[in-house]
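Just so you know, all these numbers are worked out from the coordinates, no wet-lab data involved. All values derive from a computational prediction rather than experimental measurement. For neighbour counting, all protein chains shown are included, and Cβ atoms are generated from backbone atoms with ideal geometry for every residue, glycine included.
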Amino acid sequence: MKFECHFVGKWTDITENVFKEEVEKKNLTDKVFAHGAKYGKGKEDFFIETDIFVFPTFYHNECFPLVILEAMQYGLPIISTNEGGITDIIEDGITGYIVEKQNPAALAKRIEDLILDKDLRVHMGQAGQQKFRELYTLECFEKRLCEILNIVLKSNMKLVARNQFIIFAP
């Protein structure tokens, strides 16, 4: 099976040197590449050239990673973990796959499934892109926020602004 793995993102727990040492030790220098953080057009170029987006986080504060929404916007099937709000974004088996965190065998299996099945890749990517359009565009967000505010204004709730938060109080 022929594939390339491109890691994009800022360095955190694993340094660039440690990453490169592991890639060399496993003799994967012709298949695994690290690019560091990318922004704007550089990031967009990676999304355009990518077939599968993998976000195998187990960071305990992973609330609602916007990078997953960005990948969905580009029609990519997503593979990620059951951490934080990720399971609210990805529909397992429909827009991508959810795997158990810190389970490399399960992650590798799902990557292999999508590499080998182009139709599945395309179908999941399209489903994710449709979900993005229906739920996550700026227009959708603004519409839902207006709906919520209208409900509050029509009810007996008070809208109290404190610092940068809005509190709904009975």
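Dipole magnitude for the stretch 110-156: computed about the Cα centre from +1 point charges on Lys and Arg Cβ and -1 point charges on Asp and Glu Cβ, it is near 180 debye.
Counting other beta carbons within 10 Å of each Cβ, put T50, T15, T81, T87 in order, fewest first. Don't jump to the answer; show the numbers that get you there.
Working: T50 17, T15 10, T81 24, T87 13.
Ranked by crowding around the Cβ, least crowded first: T15, T87, T50, T81.
When the Cα positions of T57, L138, T81 are compared along the charge dipole of the chain, L138 comes out farthest toward the positive end, with charges on each C-beta of Lys, Arg, Asp and Glu. Longest stretch of the chain clear of exposed loop sites (trypsin sites (Lys or Arg not before Pro), DSSP loop, at most 16 other Cβ atoms within 10 Å, sites excluded): 39-170. For D117 and D30, the difference between the fully extended length at 0.36 nm per residue and the C-alpha to C-alpha distance is 29.0 nm. Out of (1) 16.3; (2) 17.3; (3) 18.2, which label holds the value of Kirkwood radius over Cα pairs in Å that was computed here? The value matching this structure is (3).
Under the convention that each Lys and Arg Cβ holds +1 and each Asp and Glu Cβ holds -1, the size of the dipole of the chain around its Cα centre is about 540 debye. Using 1/(1 + (r/R0)^6) with R0 = 25 angstrom and r between the beta carbons of Q102 and Q73, what's the FRET efficiency to the nearest 0.05? E between Q102 and Q73, to the nearest 0.05, is 0.35.
Note on the chain: dipole from Cβ charges, positive end direction compared against L66, P104, L149; the farthest Cα belongs to L149.
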